[in-house]
Amino acid sequence: MISKENQMMLQILGHALHETESEPIVPSCWPAIYKEMKAQTVFAIPADYINLNQLEDAEEKEYRMMVGRNIQYYHTVMAEQQKLLDTLEKAGIPTVILKGSSAAMNYPEPAYRCMGDIDLIVKPDDFEKAYHTMCDAGYDTKETLEKYYRHIGFHSSKGIHIELHSFFSTSRNAEQNQILDQYIYNGIGRGSKGTLTGYRTSSLPELENGLVLLAHINQHIGGGLGLRQVIDWMCFAEKHLTDEFWNSTFSEAAESIGMKKLAAAVTATCRKYLSMNADITWCNDTEDSLCDELMEYILAHGNFGRKNATNATTISVLRWFRNPIHGFRHLQEIGCRTWKILDKCKWLTPFAWFYQMIRLIHHGIKRGVTLSSAKESKKQELTETEFLRKIGITRL
């Protein structure tokens, strides 16, 4: 059941995103609304559309300060991103930004989209050259080419985390992963090269950008997904995904990566709860009850599951071991990336899964996970997994 405060928050966000007159805020509800908007990483979106006159001066001051910090960080990220794109272009490496500014470009006010790290992707043949180019340009990393899995993490001089990807897809279906990654590779160099709020950008074409935003939801929803990722998708869909585009092109592409049902479920939920454009009808067959379940799930978890991080982590680990072979393989992959001793003692590599298992147990004990709480988490995992399968999630 969605609380009164959360219903009010969703209405406020819907009005702000569609630049319509906002509902008045009930002052007593504001602390809960503000807390939830922060947990969902969407607090800046309604900055120009809500009337704060009814609030206490201290509450309004705190909110304005947080929005100001968000805008300042947005400009810091965008300036660093422009510098990075210039560096890679000079080296002759075609590059596009995933999510981030490629999502913000569809927002009514891009600077109100909360930014995290910078994700960029290059074609596989350019990955090694891009790695050395970034190292030579002063971007700091502790990761080597021999140890990377999906991306290599860097830090800028201002502390911004940057992920250089050689591939993006991470679902359980290898064939669907290859299809999506090939879409992305084909889109590099064909997308939008322009400016956003005065900064240079490089994005995938509409089809490929939409598939990435959809796959980002698929990728993270099992551990908890916030409204930010859902709104990224909604802003893209409202701007580009007309019934004609869906029927002629996008539907088939979404089906090929196993996410057609997910696209419809998320879009229908946005239409019901975030005032999304009702002219989009291709999601009409989605059951109303599914929209309710999805929104309740999103509100319960927060951005990347941070509202209850310990429980979300426990559930994710339990889900890995639904298939024991997959679970141990997952432990081995993570252990190979986190066990520093492997840099010197390669012969220990076969035991990386054991190291990672001990590490997870240690972290669980520190966070207060007990046998009884694990049993409760297992029950929740069964319920959540059944729901996630119902909406078409392919990464569980």
Check: How about Lys38: which lysines have a C-alpha closer than 24 Å to its C-alpha, ignoring those fewer than 8 places off in the same chain?
Finding: Lys4, Lys61, Lys99, Lys158, Lys272, Lys307
Note to self: For the chain, set up a GNM with springs between Cα atoms under 10 Å and report which of Ala39, Ala215, Ala103 has the largest fluctuation.
What the structure shows: Ala39
Item checked: Scaled radius of gyration (Cα, divided by 2.2 N^0.38 Å) that region 6-101 gives -> 1.40
Next item on the list: Using a 1.4 Å probe over the heavy atoms of the protein chains, calculate the carbon and sulfur portion of the accessible area of the chain as a whole percent.
Entry: 52
Next item on the list: Run through the DSSP bridge list for the chain and note the antiparallel percent, rounded to the nearest 5.
Entry: 80
Check: Any idea what the alpha-carbon Rg over 2.2 N^0.38 Å comes to for region 203-260?
Finding: 1.09
Note to self: How much accessible area per residue does the chain have, counting only protein heavy atoms and a probe of 1.4 Å, in square angstrom?
What the structure shows: 47
Notebook entry, point to check: Which value results when the Cα radius of gyration for region 89-162 is divided by 2.2 N^0.38 Å?
Noted result: 1.20
Notebook entry, point to check: Can you list, largest first and rounded to whole Å, the semi-axes you get for the chain by taking the square root of 5 times each eigenvalue of its Cα gyration tensor?
Noted result: 32, 27, 23
Notebook entry, point to check: Using a ≥ b ≥ c from the Cα gyration tensor of region 122-210 (square roots of the eigenvalues), is it rounded, prolate or oblate, where a/c under 1.5 gives rounded and otherwise the larger of a/b and b/c decides, a/b for prolate?
Noted result: oblate
Next item on the list: Name the lysines eligible as straight-distance cross-link partners of Lys261: C-alpha to C-alpha under 16 Å, and not fewer than 8 places from it in the same chain.
Entry: Lys390
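The values are calculated or read from the model by the stated rules, or taken from the named source; none is laboratory data. Computed from a predicted structure; not experimentally measured. What goes into the accessible areas is simple: the full protein's heavy atoms, side chains included, and nothing from ligands, DNA or RNA. Shrake-Rupley method; radii C 1.70, N 1.55, O 1.52, S 1.80 Å.
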